[in-house]
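First the structure, in the form of structure tokens, and then the observations on it.
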Amino acid sequence: MSVNWDEVGQEAATLLSGYLKTRTVNPPGNERLAADYLMALLQAKGFEGTLWEPSSGRANLTARLKGEASRGGIILLHHMDVVAAEPERWTVDPFGGEIRDGFVWGRGALDMKGAGIMHLLAMDLLRREGLPLSRDVILLAVSDEEVDSSQGTSWLLREKSEILQAEYVWDEGGFGLDGMFGPGVVFTVAVAEKGCLWLRLVVEGEPGHGGVPQAGNPVELLVAALERLRRHRWPPILHPVVRDMLQQVSTTMPAPKNWLLRNLDRQPVWHMARGALVGQPALKAMLQTTVSITGLKGGVKENVIPERAEATLDVRLLPGQEEEPFLAELKRVLREPCLRIGVIQHPAPGTVTPYAGDAMYEALRSVCPRIVPGSRVAPLLTVGTTDSSHFRAHGFKTYGLYPAVIPPEELGRFHGIDERISVANLALGTRLVYEVLRQVCTR
């Protein structure tokens, strides 16, 4: 089938513009607005969609392109909720869906309504082509990814698992990164995530008058413990996914970097290179446990020593790292007998999608260089948290790739100011999804 990809890009831009106008900032979400918009688009293209509502105003949507089901299906997943935006800091209305200068602007363009439009159009192209499919292709738009997924993915996996029978899930996680690993484009495909462990540290003591300093001030004890934590250096660990990623991107690097990155699994090379690697923030987060102090609270009045002080920590564990041994090590680092550690959120199991030789991963490795000549595909360990972690924990082969080529300066718009995606990227991403589906579903 001959496809005019410029026209596809223009259609995608128009559809995304309308999609971005649905205000689905979470909290509160109100994703039903976005689901109704998608439902109308699907029906106009001849698809039958189904809404699933865990609570009022919160909706999830599915639509299916049927295959003969001789092989497991593919879920095209995106979330409809978005993070907040401060209009006064934006060049455009963050919910205006403005098309300008070759871009579609608005909150959710990258995270991740743009991907939803690409999924929908790619699925429609596959339907129009009329080839016999060996797999079902399932469009899945969910609520609540930006908070805790309790109204979206987690709810669906618990309450409606029968509609999610598939082998693969295509979610967010990586990008086509232009110039980040040397010259050229590297499509990073997320196959694993760090575990997200949120903690509350509490120190309690006797209150007193601020004019009479005394030992055991909870604020002072907590601050001292946090300073010990700040100074602690968690050891770098070369996870197999990160090793494979660095080996893939080494081909874009000059000597001797390329040799070093190819040989990191040799202990002498690893000891030589790890200092430079952890000196780069993005790589550091992939190579070691990270602990961020994200909140502090203590005190009721300027002249009162409080009886309680607390802090919150955002901990990200590498896949395979267990919660209990980490907590034991954290207690040793904090070295404060009066301090209690409470868990706010436990991490999901650190599951890795097996990618070597897998049909979906190999399709990405085949299609990406064909569409973007000279590009490479590399596995990625993501340091953030997405709905992929829930699917991997339930045994789905889950890959994360926002199908677009993004230069480093554009990545700052993700959750940032003036979020946008180019019309050219919408055409590229739709083509990439379509070509991968065509390869994986028609063999």
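Quick notes on this one:
- Among the candidates Pro373, Pro379, residue that is at pLDDT 95 or above and more than 21 Å from Gln288 (Cα to Cα): Pro373
- For region 157-175, the set of residues classified as crowded, with 23+ Cβ neighbours inside 10 Å and either of a type in the set (Val, Ile, Thr) or not assigned by TED's automatic domain parsing to the domain that holds Ser389 (or both) consists of Val169 only.
- In the condition set (1) under 17 Å from Lys397 (Cβ atoms); (2) in contact with a Gly (Cβ under 7 Å, 6 or more places away or on another chain), Arg365 is compliant with all but (2).
- Between Gly106, Gly72, Gly102, Gly97, the distinction of being crowded, with 24+ Cβ neighbours inside 10 Å, over 22 Å from the mean Cα position of the chain (by Cα) and assigned by TED's automatic domain parsing to the domain that holds Leu125 belongs to Gly97 only.
- Where Asp358 falls short, out of the listed (1) over 28 Å from Gly116 (Cα atoms); (2) out of contact with any Pro (no Cβ under 9 Å at 6 or more places or on another chain); (3) among the charged types (D, E, K, R): (1)
- Hits in region 96-109 (condition: in a loop (DSSP other than H, G, I, E, B) and either without any contact (Cβ under 8 Å) to a residue 60 or more places away in the chain or of a type in the set (D, E, K, R) (or both)): Glu98, Asp101, Arg107
- In the set Val372, Val367, Val304, only one residue is of a type in the set (A, V, I, L, M, F, W, C) and not assigned by TED's automatic domain parsing to the domain that holds Gly176; that residue is Val304.
- Enumeration of residues in region 246-296 that are closer than 21 Å to Pro235 by Cβ and among the β-branched types (Val, Ile, Thr): Val269, Val278, Thr289, Thr290, Val291, Ile293
- Of all residues in region 367-393 being over 13 Å from the mean Cα position of the chain (by Cα) and part of a strand (DSSP E or B), the one that is surrounded by the fewest Cβ atoms within 10 Å (Cβ to Cβ): Arg376
- Filter result for the condition that a residue is more than 20 Å from Pro183 (Cα to Cα), under 19 Å from the mean Cα position of the chain (by Cα) and assigned by TED's automatic domain parsing to the domain that holds Pro132, over Val405, Val433, Val423: Val433
- Single residue of region 1-54 satisfying the filter (of a type in the set (Phe, Trp, Tyr) and part of a helix (DSSP H, G or I)) that is surrounded by the most Cβ atoms within 10 Å (Cβ to Cβ): Tyr19
Matching residues to (1) touching a residue at least 24 places away in the same chain (Cβ under 8 Å); (2) outside the structural domain of Gly49 (by TED's automatic domain parsing); (3) under 25 Å from the mean Cα position of the chain (by Cα); (4) not in a helix (DSSP H, G or I):
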position: Asp111; (1), (2), (3), (4): yes, no, yes, yes
position: Met118; (1), (2), (3), (4): yes, no, yes, no
position: Met123; (1), (2), (3), (4): yes, no, yes, no
position: Leu126; (1), (2), (3), (4): yes, no, no, no
position: Leu133; (1), (2), (3), (4): yes, no, no, yes
position: Leu140; (1), (2), (3), (4): yes, no, yes, yes
position: Glu145; (1), (2), (3), (4): yes, no, yes, yes
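- The residues of region 191-243 that are under 30 Å from His390 (Cβ atoms), of a type in the set (D, E, K, R) and in contact (Cβ under 8 Å) with a residue 60 or more places away in the chain, listed by number, are Glu193, Lys194, Arg200.
- Hey, Lys297 free of Cβ contacts under 8 Å to residues at least 60 places away in the same chain, surrounded by fewer than 19 Cβ atoms within 10 Å (Cβ to Cβ) and in a helix (DSSP H, G or I) or not: no
The values are calculated or read from the model by the stated rules, or taken from the named source; none is laboratory data. Since we're looking at a predicted model, the values are computed, not measured. Reconstructed Cβ throughout: ideal geometry from the backbone, glycine too, with neighbour counts over all protein chains shown.
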